[in-house]
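Accompanying notes for the structure given below.
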Amino acid sequence: MRKFIALMLACTTSTGWADNIEWPAYGGAAGGGHFTDSTQITPDNVGNLAQAWVHNSGDFVGGLQGLTETITDETMRTRPTNFMVTPIMVRDTVYYCTPFNRVFALDPATGKEKWVFDPKVNMEDEGITNCRGVSSWIDPEAPDEFCGHRIILGTLDARLIAIDGSTGTRCPDFGAAGDVSLTEGLGVHEGFEYSITSAPAIVGNAIVTGAFVIDSRRPDSPAGVVRAFDIRSGEYLWGWNPVHPDRPQVDEDGNFVSGTTNVWSTISTDEELGLVIVPTGNSSPDYYGGDRDGHQDYYSSSVVALNASDGTVAWHFQTVHHDIWDYDVPAQPTFVDLTIDGRTRPAVVQVTKMGMTFVLDRETGEPLFPVEERPVPQEGAVPGEYLSPTQPFPTKPPPLHQLGITPDDAWGLTFWDEGQCREKLESMLTGPIYTPPSLQGTPYYPSPLGGNNWGAPAVDLNRKIMVANTKHMPISVTLAEQKDCPDNLPFPQTGSRYCVIMEPIMSPFGVPCTAPPWATLAAVDLEAGEILWQKPLGTLEGLAPWPFYHFIDGGMEMGGPMVTATGLIFIGATSDGYIRAIDTLSGDELWKASLPTTGNSVPMSYTYKDQQYVLIAAGGHFTSPKPSGDHLVAFRLKEGP
């Protein structure tokens, strides 16, 4: 705690930036929340917001991507980019990374470039184009010296890089001339299989990072190890590989055991409790677990608290047992203090792809609302698979998504296409959530995209209200024996018995086979465990002709919300390409502005020289119906009447 106070003093008192309200980490704080104390923009004046500036990096590949696009040597070089970054603002500079891993430093008031850093990633070798954020650290002992302020970048080619925050040059005392390679200990793998896509976490003088390991490629994919490095020297401090605690974390060759669950999303840190809290994925391959021997599943699809000093496990809570649905934990564990049943506890709030929210004690991992183990379907699994007899269901808050699907849920624009949708669902293995993937095809509802995903949630720390965006889009998952698998599948699961064929369940008119809305936004009272409101998010504007898009709300979304102390929610995410301001208490839309393309990211806000700004990256995503781009857009209140 003393180090934290010293760091904060270094950021404000000694440097003269005390009047700024910063956004120092991807989630706004080390424990996420996407919450700002800036109070200049209010529900009363938000209608006066106007564009302040736009920055374009030039780092994008134009075009549209499909939801189930195959990654091949050719598409790696030509596939359109995703722009999902949330910038940070520290001292007097905005920092953000591009899909090509270049880092830009901008003037907060004008968007003018101060410097740009290029790590020179060979993008022809990378299967994805994604950088959600960079991290910031200020040396409490020498905050104003060269590299006293460090920007930490994780790259697609598996490096950590320390950059001087003032000049944009490498910090030569970090690793090998500013770089630390993360490929050591992973065994033989292709470069695109292992990438850093989320902002590394900072705790004390340590950087902590997991990695994105490509989904459903092979059972022995690179290990999902979480590692810590000294932020000054780059020295390796510790590693935690998610195997059963009775099993060794390394193999006979000294490499981390392969095929373990990875931590691709954002990690949270609690300096006072000395904890690093990570959201884990599910084990490889994602949709068939018959070859797993049990040790790989022990920490999969879980919230795990590690001791910051040595990486040992303090506690863990599993949200899905033996996950064969790719219901990995997608979002940053979010910190808030809650009073439940008269007792105030530090809590961690975890949203999931299932649309369920788990509220846990941050010190112990115990649920603050009861969680019940309920029986789940046991029929229909492919030969060789085994199933968990029960799964955990939180009693509060209620789920934000319907849990399962039957042919009676079929919907269409007309009786004819509704009938076509019903026939599709009748041909599949339908049922409650956790109906297993099957040879005949299983509709996932929620889908592997969510429910909730990496952009949620935001938490109003004053009102104890969680805001979460939810997808309601059915996807079919069909397993096939390898001899029957088509070529160039996105999810081949090579080396296992089955490949995976996935596709959205759509009517002949190109709309989902379930009733709208297909995207919602909800506010949840975290202390009462109750949904305050849940409303459609977005429209079909741009997808359906006028006036039809007025009649159906809630199009496809990907991104997340940000909340303010004044009771506002800012969110892009929608397929119609708007950023919106919404009243936290009522859910009413108060303002919107058109973006150059869809804003599939999470907005952020800061106050600089007495002006509050709202920033959002608008550059598209593989779920977006609009083309990719490179627009970082800033808004502030208009001057004058």
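The values are calculated or read from the model by the stated rules, or taken from the named source; none is laboratory data. A quick note: this is a predicted structure, and the numbers were derived from the prediction, not measured. Cβ: placed from backbone, ideal geometry, glycine included. Neighbour counts: every protein chain shown.
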**OP:** Being touching a residue at least 24 places away in the same chain (Cβ under 8 Å) and under 18 Å from residue 178 (Cα atoms) is the filter here, so list the residues in the stretch 109-121 that pass it.
**Re:** 115, 116, 117, 119, 121
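Yes/no matrix, rows are residues, columns are (1) under 13 Å from residue 55 (Cβ atoms); (2) among the β-branched types (Val, Ile, Thr); (3) surrounded by 24 or more Cβ atoms within 10 Å (Cβ to Cβ):
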| position | (1), (2), (3) |
| --- | --- |
| 596 | yes, no, no |
| 601 | no, no, yes |
| 605 | no, no, yes |
| 610 | no, no, no |
| 613 | yes, no, yes |
| 622 | no, no, no |
| 629 | yes, no, no |
| 632 | yes, no, yes |
| 639 | no, no, no |
Original post:
Hey, among the residues in the stretch 452-467 that are over 20 Å from residue 566 (Cβ atoms) and modelled with pLDDT of 95 or more, which one's surrounded by the most Cβ atoms within 10 Å (Cβ to Cβ)?
Top reply: 455
Original post:
Hey, among 265, 284, 309, 302, which residue is at pLDDT 95 or above, among the small types (Gly, Ala, Ser) and over 27 Å from residue 235 (Cβ atoms)?
Top reply: 302
Original post:
Which residue pairs have Cβ atoms under 6 Å apart, sit 6 or more places apart or on different chains, and have a first residue in the stretch 432-449 that is touching a residue at least 24 places away in the same chain (Cβ under 8 Å) and a second that is crowded, with 24+ Cβ neighbours inside 10 Å and among the acidic types (Asp, Glu)?
Top reply: 448/326
Subject >> Within the stretch 390-414, considering residues that are part of a loop (DSSP other than H, G, I, E, B) and in contact with a His (Cβ under 9 Å, 6 or more places away or on another chain), the one surrounded by the most Cβ atoms within 10 Å (Cβ to Cβ) >> reply: 401
Subject >> Selection status of residue 246, closer than 19 Å to residue 310 by Cβ and of a type in the set (Asp, Glu) >> reply: yes
Original post:
Which of the residues spanning the stretch 584-615 are assigned to a strand (DSSP E or B) and under 16 Å from residue 35 (Cβ atoms)?
Top reply: 604, 605, 606, 607, 612, 613, 614, 615
Original post:
Between a first residue in the stretch 623-635 that is of a type in the set (Gly, Ala, Ser) and a second residue that is in a strand (DSSP E or B), which pairs have beta carbons less than 6 Å apart while being 6 or more apart in sequence or on different chains?
Top reply: 634/52; 634/53; 634/613; 634/615
Original post:
Which of the residues that make up the stretch 181-216 are within 25 Å of residue 148 (Cβ to Cβ), among the β-branched types (Val, Ile, Thr) and part of a strand (DSSP E or B)?
Top reply: 202, 203, 207, 208, 209
Original post:
Which of the residues belonging to the stretch 284-335 are within 18 Å of the chain's Cα centre (by Cα) and of a type in the set (Phe, Trp, Tyr)?
Top reply: 325, 327, 335
Subject >> Residue in the stretch 618-628 that is charged (D, E, K, R) and at pLDDT 95 or above present >> reply: no
**OP:** Return the only residue of 201, 162, 228 being of a type outside the set (Lys, Arg), touching a residue at least 60 places away in the same chain (Cβ under 8 Å), in contact with a Cys (Cβ under 6 Å, 6 or more places away or on another chain) and over 30 Å from residue 492 (Cα atoms).
**Re:** 162
Subject >> Set 309, 300: member being within 21 Å of residue 198 (Cα to Cα) and out of contact with any Leu (no Cβ under 8 Å at 6 or more places or on another chain) >> reply: 300
Subject >> Failed condition for residue 27, given (1) modelled with pLDDT of 60 or more; (2) in a helix (DSSP H, G or I); (3) buried (at least 19 other Cβ atoms within 10 Å of the Cβ) >> reply: (2)
Subject >> Residue match in the stretch 34-55 (condition: within 19 Å of the chain's Cα centre (by Cα), within 29 Å of residue 119 (Cβ to Cβ), crowded, with 21+ Cβ neighbours inside 10 Å and modelled with pLDDT of 80 or more) >> reply: yes
**OP:** With a cut-off of at least 2 residues that are under 16 Å from residue 454 (Cβ atoms), name the strands (runs of 3 or more DSSP E) lying wholly within the stretch 311-372.
**Re:** 343-351
Original post:
In this structure, is residue 283 closer than 30 Å to residue 205 by Cα and buried (at least 22 other Cβ atoms within 10 Å of the Cβ)?
Top reply: no
**OP:** Return yes when residue 384 is over 30 Å from the mean Cα position of the chain (by Cα) and in a loop (DSSP other than H, G, I, E, B) and no when it is not.
**Re:** yes
**OP:** Check whether at least one residue in the stretch 217-227 is buried (at least 20 other Cβ atoms within 10 Å of the Cβ), over 26 Å from the mean Cα position of the chain (by Cα) and in a loop (DSSP other than H, G, I, E, B), and report yes or no.
**Re:** no
Original post:
Given 89, 84, which one is at pLDDT 95 or above and closer than 22 Å to residue 623 by Cβ?
Top reply: 84
